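Chemist: Please read through the structure below; I'll follow up with questions.
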Amino acid sequence: MNFSKHQMGTRHAPMPTRKFDSSLLLTAVPSKRRVEEIYGTSLELNRGAFADGEYEIAYNLLQVALRCGQRLRNVEHLREVERVAENESRYLDDHHPECEYSNKVANARGNVGVFQMTAERARKLTRNLT
């Protein structure tokens, strides 16, 4: 394939400038109800991803649930995230200690596993709210 100088990145087309429309911020803020929906969906998807062995995806979905609980300032949600994170961390330690997300592998690097870290973060957020 032949590329022009523009396609190769040696020349850049001028970027169009746009004035920032602050009214977009009002429509971009999700409602409490929507954040609750995202929380529930992310935990449901976390369970499925974890059961399928998709631990990285499961971890990221748990982070979404954690953020939703934090955003809603909902202690029950944060405690549920903590419980799920603890259970998933324990499962990895018991059944897949070689997994990069297990505490065993993380401890060898001087860290804790990401699921355990999520549980600790949820505990800290809960303490801050109570």
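Coordinate-derived values only; no laboratory data. Not measured: the values here are computed from a predicted model. Glycine gets a Cβ as well: all are built from the backbone with ideal geometry, and neighbour counts include every protein chain shown.
Chemist: Express in nm, to one decimal, how much length is gained between THR41 and GLU100 on full extension, taking 0.36 nm for each residue of separation and deducting their alpha carbon distance.
Modeler: So the extension gain works out to 18.7 nm.
Chemist: Using Cα pairs closer than 8 Å and at least 6 residues apart in sequence, work out the relative contact order for region 31-129, in percent.
Modeler: On the way: 120 pairs, mean separation 23.6, N = 99.
Once divided by the residue count of region 31-129, the mean separation gives 24 percent.
Chemist: Could you give the nm distance between label points at ASP52 and GLU76, where each point is 7 Å from its Cα heading toward the beta carbon?
Modeler: 2.9 nm
Chemist: Mind checking the dipole of region 31-129: about its Cα centre, +1 per Lys or Arg Cβ, -1 per Asp or Glu Cβ, Debye to the nearest 20? Intermediate results must be reported in sequence, preceding the final value.
Modeler: Details: 16 positive and 16 negative charges, 150 e Å.
Dipole of region 31-129, to the nearest 20 debye: 720 debye.
Chemist: Could you list the trypsin sites (Lys or Arg not before Pro) in region 23-130 that lie in coil according to DSSP, counting only those with at most 16 other Cβ atoms within 10 Å of their Cβ?
Modeler: Working: sites: LYS32, ARG33, ARG34, ARG47, ARG67, ARG71, ARG73, ARG79, ARG83, ARG90, LYS104, ARG109, ARG121, ARG123, LYS124, ARG127; in loops: ARG73, ARG109.
Taking region 23-130 and a limit of 16 other Cβ atoms within 10 Å, the loop trypsin sites (Lys or Arg not before Pro) found are ARG73, ARG109.
Chemist: Just add up the charged neighbours of PRO30: K/R +1, D/E -1, any other residue whose Cβ is under 14 Å from the Cβ of PRO30. Don't skip to the answer; put the middle values down first.
Modeler: Working: positive: LYS32, ARG33, ARG34, ARG67, ARG71; negative: GLU36, GLU37.
So the environment of PRO30 carries a net charge of +3.
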